[in-house]
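Reviewing the structure listed below.
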Amino acid sequence: MGVKRFFRILLAMWLLPVMALADDRLVRLHAPQVLIETGLLKHILPRFSLKTQVRVQVVRDGEARDATLGGSGTPLFFGLGQTWHLTVKNPDHLGSKRFSDWLGSQVGQRAITGFAPNGQALFAPPADQTVAVVDVSLDGDADIGHKVSRRACARCHAVDAATRWNSIGSTPSFAVLRSFEDWEERFSVFYILKPHGAFTQIEDVTPPFPADRPSPIVPIALTLDEVEALLAYVATMKAADLGGALVHQ
């Protein structure tokens, strides 16, 4: 065996587990256009990716897929006049398994049933569904999150005491946002909420800016690890005291 061939085989053996790991972090999902058009997938997929570091790519008819949302498989939610099920092509594919488990968990079900684009929820749990309990923790590095918030968020928000005078007065500080009951939800998906979506890119999650609609300001580019670190930093903050509720007499 030649030396070059030996090293090619050695390199291939080294790359196999790396390629498998990369494949496990990508789920190719097919769903009917009628479901895509509701906006549900854009609502739930970033939430799943943030918690698991697994990216979901929506594929078209005829393209290779790892999972399918449709009329057969494991029932997950009801809406648009039918119960939606998930089928997984390969049960041993770790990314698909994590996606299936998340959709059926309390966290995933809250994300689905909480989708209400016009103030009206479009989807509900299927009848007789057993919801799994999944422990969700913030694993990010708070120190890194503090640095990320200063770099990416301090142009508009007061992220700590030192940046309170540099922020936009009409923009709530992190401490104020921390006082909201849904603060974790807000920070988890801030990049798809207005106005952030117009100038924020999350690596391997958000699509590129359209050619005819570039970012109106210097864009913010983050990774999911940095978003997780940002969440961990905000979790350490003391919520702002906004006073008691107004009492009408």
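Read the figures in this text as sums done on the coordinates, not as results from a lab. Note that the structure is a prediction, hence the values are computed from the model and not measured. A quick note on method: Cβ atoms are made from the backbone with ideal geometry, for glycine too, and the neighbour counts reach across all protein chains shown.
Key figures
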quantity: Alpha carbon centroid spacing (whole Å) that separates the range 165-224 from the range 19-90; calculated: 24 Å
quantity: Whichever aspartates and glutamates have a C-alpha closer than 14 Å to that of LYS42, once near sequence neighbours (fewer than 8 apart) are set aside; calculated: ASP204
quantity: Ascending count of other beta-carbon atoms within 10 Å, so fewest first, for LEU94, LEU86; calculated: LEU94, LEU86
quantity: Ascending count of other beta-carbon atoms within 10 Å, so fewest first, for TYR191, TYR233; calculated: TYR191, TYR233
quantity: Over 26 Å (Cα to Cα) - which of LYS97/LYS147; LYS97/LYS238; LYS51/LYS194; LYS51/LYS89; LYS51/LYS147 fall in this group; calculated: LYS97/LYS147; LYS97/LYS238
quantity: P(r) histogram, all alpha-carbon pairs of the range 51-116 included - 5 Å bins from 0, percent; calculated: 3, 16, 24, 28, 20, 7, 1
quantity: Distance histogram in 10 Å bins (all Cα pairs of the range 142-236, percent per bin); calculated: 16, 51, 29, 4
quantity: Residues GLU37, GLU203, GLU226 arranged by fewest to most Cβ contacts within 10 Å; calculated: GLU37, GLU203, GLU226
